[in-house]
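I have placed the structure first, in the form of structure tokens, so that the comments after it can refer back to it.
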């Protein structure tokens with residue numbers, strides 16, 4: 001049952017129709033956020049470390065990826081939804097376990113450090 005069911009089914013109580021309206025508004029909000037960030041990245045406005053956000057990283061990854069590689073727009077919207085809606089508790093738990101995992105695996109720490117360095121140098125190189 002998508003938002004259309006809730007907004008267009010007239011026999012449903014008003015509170016259920018409001019759910020459909022909220023879902024539609026949230027989808028529009030996610031689309032607006034992503035499209036504006038994608039435009040900023042395409043214009044080069046997110047190149048400095050101070051402007052780098054999770055969303056700008058997703059947009060840059062989708063714009064820089066070759067066809068068939070990287071994240072699809074569906075993947076990006078899924079990530080935006082998870083971060084905004086299901087967000088803070090699950091994210092904090094992921095980061096907590098990631099730190100524990102990294103502390104227990106020094107070789108993975110080294111690999112991650114090299115990977116982050118190569119990505120950051122490539123992404124934020126000043127020309």
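The values are calculated or read from the model by the stated rules, or taken from the named source; none is laboratory data. If you're wondering where the values come from, they're calculated on a predicted model, not measured in any experiment. Glycine also receives a Cβ, built like all others from the backbone with ideal geometry; neighbour counts cover every protein chain displayed.
Here the condition is being in contact with a helix residue (DSSP H, G or I) (Cβ under 9 Å, 6 or more places away or on another chain), surrounded by 12 or more Cβ atoms within 10 Å (Cβ to Cβ) and at pLDDT below 80; of 37, 47, it holds for 47 alone. Just a yes or no: is a residue in the range 85-93 out of contact with any helix residue (DSSP H, G or I) (no Cβ under 9 Å at 6 or more places or on another chain), surrounded by 10 or more Cβ atoms within 10 Å (Cβ to Cβ) and either at pLDDT 80 or above or under 18 Å from residue 42 (Cβ atoms) (or both)? Checked against the condition, which is being out of contact with any helix residue (DSSP H, G or I) (no Cβ under 9 Å at 6 or more places or on another chain), surrounded by 10 or more Cβ atoms within 10 Å (Cβ to Cβ) and either at pLDDT 80 or above or under 18 Å from residue 42 (Cβ atoms) (or both), the range 85-93 yields at least one hit. In the set (1) out of contact with any helix residue (DSSP H, G or I) (no Cβ under 9 Å at 6 or more places or on another chain); (2) at pLDDT below 75, the condition left unmet by residue 28 is number (2).
For the range 1-25, the set of residues classified as closer than 27 Å to residue 54 by Cβ, at pLDDT below 80 and surrounded by 12 or more Cβ atoms within 10 Å (Cβ to Cβ) consists of 3 only.
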